[in-house]
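Asks: Handing you this structure, nothing more for now.
The values are calculated or read from the model by the stated rules, or taken from the named source; none is laboratory data. Remember, predicted model here, so these are calculated numbers, not experimental data. With ideal geometry, Cβ positions are generated from the backbone for all residues, glycine too; neighbour counts draw on all protein chains shown. Each accessible area value is taken on the protein alone, full model and side chains, heavy atoms only, with ligands, DNA and RNA left out. Shrake-Rupley method; radii C 1.70, N 1.55, O 1.52, S 1.80 Å.
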Amino acid sequence: MDQRTYVMVKPDAVARGLIAQIIQRFEDTGLVIERLELGMVTRDQAAANYAEHEGKPFYEGLIDYITSGPVVKMVLRGPESVMVVRKLMGATNPRDAAPGTIRGDYGLVLDANVVHGSDSPESAKREIAIFFGE
Ligand code: IDP
Ligand code: MG
């Protein structure tokens, strides 16, 4: 059964002109784009999205970074889309991410790791509500 997940092309990747290549990776697998929007993330949205990391040493930098420039916000739909997207993205640290994954192919640093994807169906529901208000 189809599942929805929240995916975001992060500011570093938008600034580097990688939007099309990254979206292509997801579409190539058969995932369907249900919502798509280019725009800024507000500080409130960033704080809500990354609430689990509040208090960690990298938290403030993470909020500054994700609000630093336009991102591409998407809802993708498909069978087990949450897991499929996480697999396509690769490990959180691009230097640990396997070649062939989006982070492995396009990233080099942990704090600008190209792409975001929800980590569970529950997170997906929460994040879609934060960014698309549904
Ligand atoms: P995820 O994006 O793979 O789910 P999380 O552990 O949830 O990874 O971390 C959220 C985001 O916070 C990461 O994508 C990365 O941009 C950033 N981040 C995570 N750990 C660190 C760190 O130790 N230093 C700097 N940034 C980090
Ligand atoms: Mg996470």
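Asks: With +1 on each Lys and Arg Cβ and -1 on each Asp and Glu Cβ, and nothing else charged, work out how big the dipole of the chain is about its Cα centre, in Debye to the nearest 20.
Replies: Dipole size: approximately 180 debye.
Asks: Solvent-accessible area per residue for segment 75-115 at a 1.4 Å probe radius, Å²?
Replies: 49
Asks: Then there's this: Helix-derived [θ] at 222 nm for the chain: sum -39500 (n - 2.57) over DSSP H runs of at least 4, divide by residue count, nearest 500?
Replies: -11500 deg cm²/dmol
Asks: Could you check how much of the accessible area of the chain is carbon and sulfur, as a whole percent, using a 1.4 Å probe?
Replies: C and S fraction of accessible area: 55 percent.
Asks: From the residues I23, A47, Y6, which one has its Cα farthest along the dipole of the chain in the positive direction, the dipole being from +1 and -1 charges on Cβ of Lys/Arg and Asp/Glu about the Cα centre?
Replies: Most positive-ward Cα: I23.
Asks: I'd like the antiparallel share, as a percent to the nearest 5, of DSSP beta bridges with both residues in the chain.
Replies: Within the chain, antiparallel bridges account for around 95 percent of the total.
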